[in-house]
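Accompanying notes for the structure given below.
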Amino acid sequence: MKPRRIPQRTCVGCRTVRPKRELIRVVRRPTGEIEVDFTGKVPGRGAYICPDVECLRAAVKGRRLDRALERTVDDDTLRILEEHLTARA
């Protein structure tokens, strides 16, 4: 039996490739809303971030999160994401 392949994703903040389950997904829904996807199953275009506040700040500063989602991420979503990351630390 072959070992099961673990999906890999790249953090938009630090550009590190990690297993998908270790990252937090931010998704742009087909309706255009941007939200944090804690389940990893919400339909739409996703971008992944390490569970580290510094990675989030780097992604926002370099506008990489906006570019990955092809839309400007609103301040409320960024605040929710930052609160979640600081609570995990």
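Among the conditions (1) surrounded by 11 or more Cβ atoms within 10 Å (Cβ to Cβ); (2) closer than 12 Å to Ile24 by Cβ, Val73 misses just one, which is (2). Any residue in segment 6-22 that is assigned to a helix (DSSP H, G or I) and touching a residue at least 24 places away in the same chain (Cβ under 8 Å)? Yes, the conditions are met somewhere in segment 6-22.
Restricted to segment 46-86, and to residues there that are touching a Lys or Arg at 6+ places or on another chain (Cβ under 9 Å) and part of a helix (DSSP H, G or I), the residue that is nearest to Gly13 (Cα to Cα) is Ala58. Residues in segment 34-45 that are out of contact with any Lys or Arg (no Cβ under 6 Å at 6 or more places or on another chain), surrounded by 13 or more Cβ atoms within 10 Å (Cβ to Cβ) and assigned to a loop (DSSP other than H, G, I, E, B): Val42 only.
Each value in this text was obtained by applying a stated rule to the coordinates, not by laboratory testing. Predicted model only: the values in this text are computed from it and were never measured. Note: ideal-geometry Cβ built from the backbone for every residue, glycine included; neighbour counts use all protein chains shown.
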